[in-house]
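Peer 1: Okay, handing you the structure first.
Coordinate-derived values only; no laboratory data. What you see is a predicted model, and the numbers here were worked out from it, not measured in a lab. FYI the Cβ positions are ideal-geometry reconstructions off the backbone, even for glycines, and counts take in every protein chain you see.
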Amino acid sequence: MIPPRPIRRLLAGCVALAPLLTALPAAAQDFGTDIFGDNTDGFGRNTITPPFSFEEVPPPETTMTDVLRTRTDDARTPLVLEADAVTYDTGGRIARAVGEAEAFYGDRALGADALVYDAENGVVSAEGAVALRNDDGTLLFADGASLATDLTRGTIDEPRLLIEGGGKLAAVSGERVDGRYTVLSKAVYSACDVCLEDPTPLWRVRADRVIHDEVSRDIIYQDATFDVEGVSVFYLPYFRHPDPSVERRTGFLTPEFSRDETIGATLKTPYFINLAPNRDLTVTPYVMTKDGLILEAEYRAWTEAGRYRLEATGTVNNTLGDGDEFRGALNGEGLFRLDGVGAEDWYAGYGVDLASDDTYLRRYDYSNDDRTTSRAFVGKQTDRLFTETSAIYFQSFRPGDDSGTIPVVLPEVRYSNRLLEDPVWGTATVEAGGVRLEREDGRDYNRIGTEARWQRPFVTDPGVLVTPFASAKADLYLIEDDPVLDENTEIRVTGTAGLDIRYPLVARGALGTHVVEPIVQLVAAPRTDDSDELPNEDSLDTEFDETSLFSLDSRFPGEDRFEGGSRANIGVRYTLENDAGLGVEAVYGRVVRLRDNTDFSASSGLRDEMSDHVGSIRLTLPPYFDVTHRFRIDSDDGTYERNELYAQGAYGPVRGGVGYVFLNEDPLSGFAEDREEIYGNAAVDLGEEWTLYGSARADLEEERFVFAGGGVKFENECCAVDLSVKRRFNDDRDANDDTSVGLTVRLKSLGG
């Protein structure tokens, strides 16, 4: 769809910025140094209006099947002619083919209304509507041509070239050279579609001479002018860029411009370096009017063993107020198979996320995370066995956190092996693990443990699924430098046994298939009270919801606390499905204990004999919407302790989503106050090419926004423009509340 003229003028202003920012960004290019100063004459002569337009080029999807039939011949065979009728002058050795005439030579093919083959002089003349398919699949259309027998060289009248990836070239005249080059005179290049009512493309490159190199896949311009809405805005005596079929090539990528209250006007101009088909490096100068320069570098590689990525950013400035000092970050991940070194089924990897100080990532809009985790690991995995050893480093950017009290994990070891899997004897698994936590200030912690699990399902005659299960677990702790607990060694031995009973009931009705599944789990376990003897490093943040309702052993997230005491997990699942895609999924249940379990916090919903009510319901009506409600309701007063609502949907040109979360306070988990938040996002398609979008997040407990942003996008076959604005509300030291405006312009097929 061609935008209305006033809107096109607005887009033209944005598109005109692209070449001014990076001198026609491209994946590979060479630029001249002259500046064009005359709007009316991009070539230094009278402006030429070629007698053609882009709409004359047949659409790409019909070219191969309707214009030329694909045929493969040996390149040494003579020219092959096919047509409705062929006449031959034996005296002059001239053949004339008319009516869907086609000529083949190797992988090249020529089609026209009529073909004349002069065998004596080795020339093929094409008349009428002409189409030439080259070795690389490039399609050239013309009003006439005179080519050598092998179709690699000759002259072309009014050529129009279609290039894979969307580029279009048209010219007054041209010639084929050495089967490699198409040389065009008085040529125009663009990726934009036009129509008779508005024949001027949004952008185009006009040149006195254009060469398309089919081997290097470059487009080379001499005396070139970049036009926006028919107005010349940029002149270069010479430049080149890869043709649209090139996916990876060294050169500039799409620039990004923004205006930020804290760091000023910013410009990113990424430069992509194609080191090899499987390796690349992107270097980005990040220029800020208030904070100077950040250098970014990202290295990526794909190998037979795996893949890895590493990104480093850094600057030297005085933004922290202590004189010029380095600020930066390191981020990346990698995963490799070790088969090549004789370690079958073994792998290794890393994930790094580090910053020089607390506010660097947020000030420069890299991340809003207030804690990061870096990890290196090696492991092995088969269909029965899993083992992994990790070293983990945590970093906190919260104002009140002391880095000396944050532990370093050196190491963590996990092991699991399914020793038995038999339909008669059941499934038996052995698990083991160990971890050491070191701190600069405070407790050092060591734990090793092992556990054996067994279960065996039975189906009774009425269809009840009964699964007995049992487990035994032993842990050894060594505590050092603890200000509260004595330095000591502790051994804990625990275990569970029980039955899992399920009775799925199926019914088919007018709405679809209904499945109701009552579930009862009876669990017997010894009572424990570890709070006075063992530290709690990994089991503070307990979340009781429908996903942990039917847990066969401990609902604590880690190993330092064990859910002791006999209990029953009782609940029901319901699903509905039909052929139209309508779906309903629901879960409800609670835990019943013989006695209170004081290892759980009072806010967890699991301490009392009768737990809180937990459940969820999901309604799916494709393709319109999907709604999920998750809840935990206090068993005493019926109020929500946890309330989550998520919805997303689409109708016509509108799509979006909304989410609401309420979590009650839990001081033991580190949350002294209630948390309540709402967020939403939406996008509206304003026609085929325009999209209006926005998103926001608000903290209802503190009655403030956390984030708000939005923008407008325009995208068609030849360009993409994104104008965005966002507001940050997390004022923290030198990462201030601010508003930023960004602009990204990408000219498709022009190497970017």
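Peer 1: Restricting to the range 560-610, name every residue that is among the aliphatic types (A, V, I, L, M), touching a Gly at 6+ places or on another chain (Cβ under 6 Å) and within 18 Å of residue 512 (Cβ to Cβ).
Peer 2: 576
Peer 1: Also: Are any residues in the range 536-571 among the aliphatic types (A, V, I, L, M) and either touching a helix residue (DSSP H, G or I) at 6+ places or on another chain (Cβ under 8 Å) or closer than 16 Å to residue 433 by Cα (or both), and if so, which ones?
Peer 2: 540, the sole residue that qualifies.
Peer 1: Moving on. Which one of these does residue 307 not meet: (1) touching a helix residue (DSSP H, G or I) at 6+ places or on another chain (Cβ under 9 Å); (2) more than 15 Å from residue 359 (Cβ to Cβ)?
Peer 2: (1)
Peer 1: Follow-up question, since we're still on this one. Considering only residues that are part of a loop (DSSP other than H, G, I, E, B) and within 22 Å of residue 585 (Cβ to Cβ), which ones fall in the range 606-624?
Peer 2: 611, 612, 622, 623, 624
Peer 1: Would you check which residues across the range 211-239 are among the charged types (D, E, K, R) and surrounded by fewer than 22 Cβ atoms within 10 Å (Cβ to Cβ) and list them?
Peer 2: Once the filter is applied, which keeps residues that are among the charged types (D, E, K, R) and surrounded by fewer than 22 Cβ atoms within 10 Å (Cβ to Cβ), the range 211-239 yields 213, 214, 217, 218, 223, 229.
Peer 1: Let me ask you something else. Checking the structure you have, find out if any residue of the range 139-146 is without any contact (Cβ under 8 Å) to a residue 24 or more places away in the chain and polar (S, T, N, Q).
Peer 2: yes
Peer 1: Kindly indicate the residue of the range 180-201 that is out of contact with any strand residue (DSSP E or B) (no Cβ under 6 Å at 6 or more places or on another chain) and either part of a strand (DSSP E or B) or in contact (Cβ under 8 Å) with a residue 60 or more places away in the chain (or both) and also farthest from residue 247 (Cα to Cα) among those meeting that condition.
Peer 2: It comes out as 197.
Peer 1: Another question, then. When you scan the range 279-294, do you find a residue that is more than 28 Å from residue 391 (Cα to Cα) and of a type in the set (Lys, Arg), even just one?
Peer 2: Within the range 279-294 (the criterion being more than 28 Å from residue 391 (Cα to Cα) and of a type in the set (Lys, Arg)), the answer is yes, since at least one residue qualifies.
Peer 1: Could you list, in sequence order, all residues of the range 437-465 that are loosely packed, with under 15 Cβ neighbours inside 10 Å and out of contact with any Ser or Thr (no Cβ under 9 Å at 6 or more places or on another chain)?
Peer 2: Once the filter is applied, which keeps residues that are loosely packed, with under 15 Cβ neighbours inside 10 Å and out of contact with any Ser or Thr (no Cβ under 9 Å at 6 or more places or on another chain), the range 437-465 yields 459, 460, 461, 462, 463, 464.
Peer 1: Follow-up question, since we're still on this one. Looking for whichever is under 30 Å from residue 423 (Cβ atoms), in a loop (DSSP other than H, G, I, E, B) and not aliphatic (A, V, I, L, M) here; the options are 548, 539, 471, 531. Which one fits?
Peer 2: Result of the check over 548, 539, 471, 531: 548.
Peer 1: Next question, about the same structure. If I ask for residues that are within 15 Å of residue 218 (Cβ to Cβ) and either without any contact (Cβ under 8 Å) to a residue 60 or more places away in the chain or not in a loop (DSSP other than H, G, I, E, B) (or both), which ones from the range 244-263 would you list?
Peer 2: Correct list: 247, 251.
Peer 1: Quickly run through the range 353-385 and pick out the residues that are farther than 20 Å from residue 435 by Cα and of a type in the set (Val, Ile, Thr).
Peer 2: Hits for the range 353-385 are 359, 382.
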